[in-house]
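Peer 1: My structure is below; once you've seen it, I'll send some questions.
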Amino acid sequence: MSHEQMEVKTPEYVSLQFSLAGLGSRAAAFIIDQTLIMLFNIAFFISVLLVSDKLSSYTTFFEGSTVGIAIVIIVIFIVNYGYFFFLEFFTGGRTLGKKIVGIRVIQDNGHSITLLSSFIRNIMRLIDALPTGYFLGIIMVFFHSKHKRLGDLVAGTIVVHERKPKRKKKKLTGIEKVIEERGLSKESLVVDEWTLKSFKDKDWKLVKTYASRLQQLPGEERYQMTRQIADILLPKIGVDVVGKPEYELENTLLVLYLHLRDEWEYEL
């Protein structure tokens with residue numbers, strides 16, 4: 001199935017190709033997410049009724065109490081909108097529905113969605129949902145050239161299909177050959193999504209430069225560079241560098257390079 005293509009020019013002057021997610025795939029993901037939220041709402045409401053019934057002989061908090069009703073409404077509101085806000089930021093633009101369908105939210109410049117962008121695009125759901133059943137959002141996505149709803153326009157985001165890695169048989173050179181010879185992979189070091197989010201563009205450029213220069217450095221300079229960069233980056237993933245041999249630090253940095261490469265670098 002072919003999808004509409006969009007080219008993005010990143011701040012680093014790299015052209016990236018993305019497949020736009022249309023109304024169908026976005027609606028499918030939204031239905032899955034809403035079903036999950038609805039199941040939570042039902043379970044939460046039943047739990048509140050059961051708790052209030054048990055406490056009825058001791059307190060009148062839930063019996064005709066506007067405070068109790070307000071708390072229930074606030075919790076449901078936070079879950080309904082916080083679900084999208086937190087998942088899209090902490091899991092790379094993917095809610096559970098989006099992950100199942102194979103789409104994600106990114107910024108217009110091709111980078112991962114930021115905390116502010118996630119907050120803006122999801123608080124705007126209040127308007128996109130007007131007058132009912134997300135009518136305004138559906139109309140916007142259907143007619144907009146890049147399938148954006150109002151929240152995407154304001155937040156500077158766009159929904160695209162996941163980029164599937166291309167498996168090409170080619171002769172490995174440079175650092176890729178070193179990584180394969182050492183038997184390293186991302187599975188060699190588990191780094192959760194939240195931790196990956198703590199790394200910035202400057203961290204990626206630092207570990208990328210390190211990986212590209214590693215083989216060219218003479219022994220003592222290589223040792224010093226490994227130690228310096230390990231002291232900066234590895235504590236962020238909970239690795240204690242004290243007493244670790246140079247070879248082990250090199251391997252850990254190279255695996256970190258693999259993780260950050262998937263997060264920051266796109267295959268053209």
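The values are calculated or read from the model by the stated rules, or taken from the named source; none is laboratory data. Remember, predicted model here, so these are calculated numbers, not experimental data. No Cβ is skipped: glycine too gets one built from the backbone with ideal geometry, and neighbour counts run over all protein chains shown. In case anyone asks, the SASA skips ligands and DNA or RNA and just uses the protein heavy atoms, side chains included. Shrake-Rupley method; radii C 1.70, N 1.55, O 1.52, S 1.80 Å.
Peer 1: Please report, in debye to the nearest 20, how large the charge dipole of the chain is about its Cα centre when each Lys and Arg carries +1 at its beta carbon and each Asp and Glu carries -1 there.
Peer 2: That gives a dipole near 780 debye.
Peer 1: Now, a different point. What does the charge count around Leu249 come to, taking other residues whose C-beta lies under 10 Å from its C-beta (Lys +1, Arg +1, Asp -1, Glu -1)?
Peer 2: Around Leu249, the surrounding residues sum to -2.
Peer 1: Given the options Leu16, Leu254, Leu39, which has the most mean-square fluctuation in a GNM of the chain, springs set between C-alpha atoms less than 10 angstrom apart?
Peer 2: Top of the fluctuation ranking is Leu39.
Peer 1: Helices from the chain with mean Kyte-Doolittle at least 0.5 and a Cα length along the axis of 15 Å or more, per DSSP H: which?
Peer 2: 23-55, 66-90
Peer 1: When only DSSP loop residues count, what GluC sites (Glu not before Pro) in segment 208-268 have their Cβ near at most 15 other Cβ atoms within 10 Å?
Peer 2: The qualifying sites are Glu265, Glu267.
Peer 1: Just name one of Phe119, Ser188, Ser145: the one whose Cα is farthest towards the positive end of the charge dipole of the chain (beta-carbon charges, Lys/Arg +1, Asp/Glu -1).
Peer 2: Ser145
Peer 1: Describe numerically, in nm with one decimal, the distance between label points set 7 Å from Cα along Cα→Cβ at Lys197 and at Glu220.
Peer 2: Once both label points are built, they end up 4.5 nm from each other.
Peer 1: What is the ratio of the Cα radius of gyration of segment 158-263 to 2.2 N^0.38 Å, with N the residue count, to two decimals?
Peer 2: The reported ratio for this selection is 1.12.
Peer 1: Can you list the trypsin sites (Lys or Arg not before Pro) in segment 185-234 that are in a DSSP coil and have 10 or fewer other beta carbons within 10 angstrom?
Peer 2: Lys200
Peer 1: Quick one: order Ser145, Ser185 from most to least accessible surface, probe 1.4 Å.
Peer 2: Ser145, Ser185
Peer 1: Considering only protein heavy atoms, what is the solvent-accessible area of Asp201 at a probe of 1.4 Å, reported in Å² to the nearest 10?
Peer 2: Rounded to the nearest 10, the figure is 40 Å².
Peer 1: Same structure, new question: Rounded to two decimal places and with Rh computed the Kirkwood way over Cα pairs, what is Rg over Rh for the chain?
Peer 2: On the Cα set of the chain, Rg over Rh gives 1.09.
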